[in-house]
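Colleague: Pasting in a structure now, in structure tokens, and then I'll have a few things to ask.
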Amino acid sequence: MRIKHFVLLLAALACSSVAMAQADIEQRVEELLQKMTLEEKIGQMNQVSGGLQFSKEIAAGQIGSVLNIVDPVEVNAIQRIAVEQSRLGIPLLVSRDVIHGFRTIFPIPLGMAATFDTAVVERGARVAAVESTAAGVRWTFSPMLDIARDSRWGRVAEGSGEDPYLDSQMGVAMVKGYQGEKFDDPTCLAACVKHFVGYGAAEGGRDYNTAMISERSLRNTYFPAFKACIDAGALTLMTSFNDVDGVPSTGNKWLLKDVLRQEWGFDGMVVTDWNSSGEMVMHGFAEDLKDATAISINAGVDMDMMSFGFIAHTKTLVEEGKLSMATIDNAVRNILRLKFRLGLFENPYVDESLARKVAYAPEHLAAAKQCAVESAILLQNKGDVLPLKQNSTILVTGPMADAPYDQLGTWTFDGEEQYTVTPLKALGAHFNVINVPTLTYSRDKETKSFKAAQKAAKKADAIVVFVGEEAILSGEAHSLSQLNLQGAQSELIAAMKATGKPVVVVVMAGRALTIERDLAQCDAMLYSFHPGTMGGEALADLLAGVAVPSGKAPMTFLRDSGQAPFYYNHPMTGRPNLGNETLLNDIPLKAGQTSLGCTSFYLDSGYGPLFPFGYGLSYTTFEYKNISIDKQAYDKSDSIHISFDLTNTGKYEATEVVQIYVRDLVGSVVRPVKELKGFMRVSLKPGETKHCEHEIAVSDLAYWNYDMEYVVEAGRFELWVAGDSASGEALGFEVK
Ligand code: BGC
């Protein structure tokens, strides 16, 4: 009892000291605000890309934050100007897109999501924070939380895929990793949840395009990860380029004030995306830059990234009464609060020798390798060709076998390719490697070298073909209308198949490509999103069976890009696919209109995807047994206790990502066919069985219903415990 009381007392003291620190910060913010001129306030709202070239403006207090300076010597130099030469000595906030690692590059975020491992993702974000804060960066523009249901959109690489629950879990893990234990710790890297909102729903997957999303769908699908990250303490938020239903996010008062501030109680800082304020002129939503500035600030934006409209026009807008002083003060409060929270006033400078010391630390590389191992998805393994026999002879070819720059993926400004371990470098530790470099990059169409590779294959026990996308083919502004392998990569795979040797294909890409025809031309396929610095070692371990694949698809794999957008958790249709429809080539001549199956499907590609969300094989097999829930009917305040036995029925020690899905059978509006509500990674030795338990609160079944209320509606539900979103047997239950 005594210990319990002591613990409670400590907890209470901790809470009150947090509250006191917060009150102290608010007081300091107010005191500083009192001293500031309007010009100085406006200066804080201005963010520019660059450093010493802005010395004059920094000294004049005209810049609040800079981006893209990562040399600690320059960071200190500009910080010294801000602290020592500007009138009030307000430190700068230095920012950078640290998206999946700073120096040590982790798998792209889509790959991180494929791990379904929040611990490994949090660790990755911590590594990124330690390395980047050592260079003087205290703010990253990550995590990107945009739900992406269309792989044509190049930025699918930067997010966690199509599912709101997975997105929330991964986003929160990243926020925790970046920000660490204490905001004022010098290794705290302020997170920025982006892009608020709907940016991933760009029409047709065309970047920057309009998004038509209803309020209900925003609330049920696009908001949850933002809300979860803000609840987890994310310090900043970025608006998005796109409009939703005609209103550009940077000028959307309902989003930035009513939802973000009032409903969610966000007290962090809101920044525009790069010139997204100015781009409201191109949108035809603002007359000119001045009008765009008024719209943005009145909508609730605090800081302008690179439109230069705030610095140029805010003063006049205040004088003209188009912006109130109260509005400006609020924006500046949010900026100063962040700077005080980060301890920048106490600790503006960085130890200039630290950055190079911590970059690529062995434990950072080990964490990146672990993440890359867990992110690879085994899509096919005919005849158990994988793992390959260690010390056997393998022919290694393909454009991604030794592509140190491209395997890092998109948004890797600071990763240095000389540190990249490519598969070609790593495979020698396990195999006798014959390397014939055929295609030199993913778009290469030159097939002359294929013959030499076929000849060399005669001496090999198996062929491993590394294909995929160059880093530049995914990411911002890199949408594609076709998702098949570029160049002559499919031809290369087919040429290797023609040798009669076992063919293993490894894909390193920024998105889920359409690889159906390539699957038919190989025995095994390991799908690794761009795996980062340590990708080569991770893949070599997986190919050799030193590690066993456990990644699961964070996005649906399509048969054909014409199926996009396609996602597992779509609303139930009145004519669901029955699987007995007549496909294109089987349609008899002059067939009657209704004899083909009037359901939701494509005549040419059927209904189903190539691989469903959550899919991924292992070198072993798993058996689910005795799946049960503790009751038939639950109250809304209950929790659902789920239990099951999981057995490793194969020969390798391995990890299964167990997924729990729920379906609300009847709602006041149409509900999704299934929704992920939980997952867990379970590791098992060969033959081992573990009894597993999981709990879901009934309140987690709530959604925004017909009346736009967030409620659990009473009625019938179904629940699945399975290894992917298309497997398992439904268990029924009721909510009273
Ligand atoms: C991107 C943002 C990024 C910003 C700063 C923009 O083009 O959309 O995601 O954070 O640039 O580099």
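Colleague: What order do you get for Lys497, Lys455 when you list them from fewest to most C-beta neighbours inside 10 Å?
Modeller: Working: Lys497 19, Lys455 12.
Fewest-to-most Cβ neighbours within 10 Å comes out as Lys455, Lys497.
Colleague: Which far-off residues, 5 or more places away or on another chain, put their amide H under 5 Å from the one on Gly678, with H placed in the peptide plane?
Modeller: Counting only residues 5 or more places away or on other chains, the set is Ile660.
Colleague: Determine ³J(HN,Hα), in whole Hz, for all residues of segment 339-350 in sequence, where each value follows from phi through the Karplus function 6.51 cos²θ - 1.76 cosθ + 1.60 and θ = phi - 60°; x replaces Gly and Pro.
Modeller: Each residue's phi maps through the Karplus curve to give 5, 5, 4, 6, x, 5, 5, 7, 10, x, 9, 10 Hz.
Colleague: Counting helices only, and only those DSSP H runs with n ≥ 4, report the 222 nm mean residue ellipticity of the chain as the sum of -39,500 (n - 2.57) divided by its residues, in deg cm²/dmol to the nearest 500.
Modeller: Values: 19 runs with 199 residues, N = 736.
It lands at -8000 deg cm²/dmol.
Colleague: Given R₀ = 25 Å, FRET efficiency for Glu729-His691 by Cβ-Cβ distance, to 0.05?
Modeller: Using R0 = 25 Å, I get an efficiency of 0.85.
Colleague: Return the percentage of antiparallel bridges among DSSP beta bridges fully within the chain, rounded to the nearest 5 %.
Modeller: Numbers: 47 of 89 bridges.
Percent antiparallel among DSSP bridges in the chain is about 55.
Colleague: Also, quick follow-up: Taking θ = phi - 60°, what integer Hz values does the Karplus form 6.51 cos²θ - 1.76 cosθ + 1.60 yield along segment 189-204, in sequence order, with x for Gly and Pro?
Modeller: In residue order, the calculated couplings are 9, 5, 7, 9, 7, 8, 9, 7, 7, x, 4, x, 9, 3, 3, x Hz.
Colleague: Which far-off residues, 5 or more places away or on another chain, put their amide H under 5 Å from the one on Ser442, with H placed in the peptide plane?
Modeller: Glu470
Colleague: Each residue of segment 391-403 in turn: what ³J(HN,Hα) in whole Hz from Karplus with 6.51, -1.76, 1.60 and θ = phi - 60°, glycine and Pro shown as x?
Modeller: Per-residue couplings from phi come out as 6, 6, 9, 10, 8, 10, 8, x, x, 9, 5, 9, 10 Hz.
Colleague: Another question about this same structure. Show me the ranking of peptides 73-83, 405-415, 703-713 by mean Cβ neighbours inside 10 Å, starting with the highest. Can you show the working numbers first?
Modeller: Numbers: 73-83: 19.3, 405-415: 23.9, 703-713: 14.5.
Highest-to-lowest ranking by the protection proxy: 405-415, 73-83, 703-713.
Colleague: Counting Lys and Arg as +1 and Asp and Glu as -1, each charge on the Cβ, what is the dipole of the chain about the Cα centre in debye, to the nearest 20?
Modeller: 1300 debye
Colleague: Taking a cut-off of 17 Å between Cα atoms, list the aspartates and glutamates near Lys425, but don't count ones fewer than 8 places away on the same chain.
Modeller: Answer for Lys425, where 17 Å is the Cα cut-off: Asp402, Asp406, Glu416, Glu417, Glu537, Asp541, listed by chain and number.
Colleague: Using Cα-only point scatterers and the Debye equation, what is log10 of I(q)/I(0) for the chain at each q in 0.09, 0.10 Å⁻¹, rounded to two decimals?
Modeller: One equal scatterer on each Cα of the chain leads to -0.86, -1.04.
Colleague: Using Cβ counts within 10 Å as a stand-in for footprinting exposure, how do Cys692, Cys371, Cys188, Cys598 rank, fewest first?
Modeller: Arranged by neighbour count, lowest to highest, Cys692, Cys371, Cys188, Cys598 become Cys598, Cys692, Cys188, Cys371.
Colleague: Now for a separate question. Taking N as the number of residues in segment 362-544, what is its Cα Rg relative to 2.2 N^0.38 Å? Could the numbers behind the result be given before it?
Modeller: Values: Rg = 15.0 Å, N = 183, 2.2 N^0.38 = 15.9 Å.
Taking the Cα Rg and dividing by 2.2 N^0.38 Å, one obtains 0.94.
Colleague: Loop-only check: which trypsin sites (Lys or Arg not before Pro) in segment 114-191 are DSSP coil with at most 16 other Cβ within 10 angstrom?
Modeller: Lys182
Colleague: While we're here: Rg (Å, one decimal) plus Dmax (Å, integer) for the alpha carbons of segment 623-672?
Modeller: Rg, Dmax (Cα atoms, Å): 15.4, 48.
Colleague: Once you treat every alpha carbon in segment 612-736 as an equal point and sum by Debye, what is log10 I(q)/I(0) at q = 0.11, 0.15, 0.17, 0.18 Å⁻¹?
Modeller: -0.40, -0.70, -0.85, -0.92
Colleague: Pull up the DSSP beta bridges for segment 362-544 and report the antiparallel fraction as a percent, rounded to 5.
Modeller: 15 percent
Colleague: Net charge around Asp560, counting only other residues with Cβ within less than 15 Å of its Cβ (Lys, Arg = +1; Asp, Glu = -1)? Write down the numbers at each step before the final one.
Modeller: Values: positive: Arg152, Arg511, Arg517, Arg559; negative: Asp150, Glu516, Asp518, Asp604.
Neighbourhood net charge equals 0.
Colleague: If you rank Ile472, Ile295, Ile627 by fewest surrounding Cβ atoms within 10 Å, what's the result?
Modeller: Ile472, Ile627, Ile295
Colleague: Taking a 31 Å limit on the Cα-Cα distance, which of the listed pairs Lys625/Lys677; Lys182/Lys257; Lys194/Lys625; Lys448/Lys651; Lys194/Lys382; Lys182/Lys369 fall beyond it?
Modeller: On the way: Lys625/Lys677 20 Å; Lys182/Lys257 27 Å; Lys194/Lys625 41 Å; Lys448/Lys651 41 Å; Lys194/Lys382 41 Å; Lys182/Lys369 27 Å.
Too far apart for the 31 Å limit: Lys194/Lys625; Lys448/Lys651; Lys194/Lys382.
Here, each number is a calculation from the coordinates, and none is a lab measurement. A quick note: this is a predicted structure, and the numbers were derived from the prediction, not measured. Note that we place each Cβ from the backbone using ideal geometry, even for glycine, and neighbour counts take in every protein chain shown.
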